[in-house]
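The values are calculated or read from the model by the stated rules, or taken from the named source; none is laboratory data. The structure presented is a predicted model; accordingly, all values stated were derived computationally and were not measured. Cβ placement follows ideal geometry from the backbone for every residue including glycine, while neighbour counts extend to all protein chains displayed.
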Amino acid sequence: MAEIEVFAGDSFKKNLVFRLKTVLTAIDITGCTIWFTIKENEDDDDEDALLQKKIDPPHSDPTNGTALLNCSITDMTITPGTYYFDFQYLSSGGVLTTLTKGKIKIKQGITDDNVAT
């Protein structure tokens with residue numbers, strides 16, 4: 001199970017590289033839509049997700065399985081704590097696949113959140 005740590009209220013960009021676990025061959029994500037979802041509980045409905053980001057094509061390097069996830073300050077206004085996440089993609093052929101899931105720890109920062117304003 002994967003683990004991610006971020007700070008509440010911080011924007012971040014992540015290059016996501018998806019690879020098949022059995023043969024280390026990159027998944028071609030050309031034309032695929034990817035979702036990054038954070039939930040308080042694994043079995044919460046999607047409507048109750050704390051964050052659900054859709055990453056539409058074109059991707060940064062789709063034939064090598066690379067997409068860019070952008071989370072804004074607004075996206076990350078989540079109360080510090082440990083939550084659950086997953087990445088799923090819908091292939092251009094209509095097949096839905098969970099790429100990975102795990103826990104995401106959202107930590108409290110030190111600097112006041114409104115310094116950027």
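The table below gives the values:
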| read-out | value |
| --- | --- |
| Any hit, segment 12-30, residues being among the aliphatic types (A, V, I, L, M), modelled with pLDDT of 90 or more and either surrounded by fewer than 13 Cβ atoms within 10 Å (Cβ to Cβ) or touching a Ser or Thr at 6+ places or on another chain (Cβ under 8 Å) (or both) | no |
| Entirely in segment 1-94, the strands (runs of 3 or more DSSP E) that have 1 or more residues that are over 30 Å from Ile110 (Cβ atoms) | 12-17, 33-39, 51-55, 66-71, 81-90 |
| Residues satisfying the stated conditions in segment 77-94, i.e. surrounded by 16 or more Cβ atoms within 10 Å (Cβ to Cβ) and more than 30 Å from Thr30 (Cβ to Cβ) | Ile78, Tyr83 |
| Inter-residue pairs, beta-carbon under 9 Å, first under 11 Å from Asp28 (Cβ atoms) and free of Cβ contacts under 8 Å to residues at least 60 places away in the same chain and in segment 51-74, second among the polar types (S, T, N, Q) and part of a strand (DSSP E or B), 6+ apart | His59/Thr66; Asp61/Asn15; Thr66/Asn15 |
| Test: Ile110 is β-branched (Val, Ile, Thr), over 16 Å from Ser11 (Cβ atoms) and not in a strand (DSSP E or B) | yes |
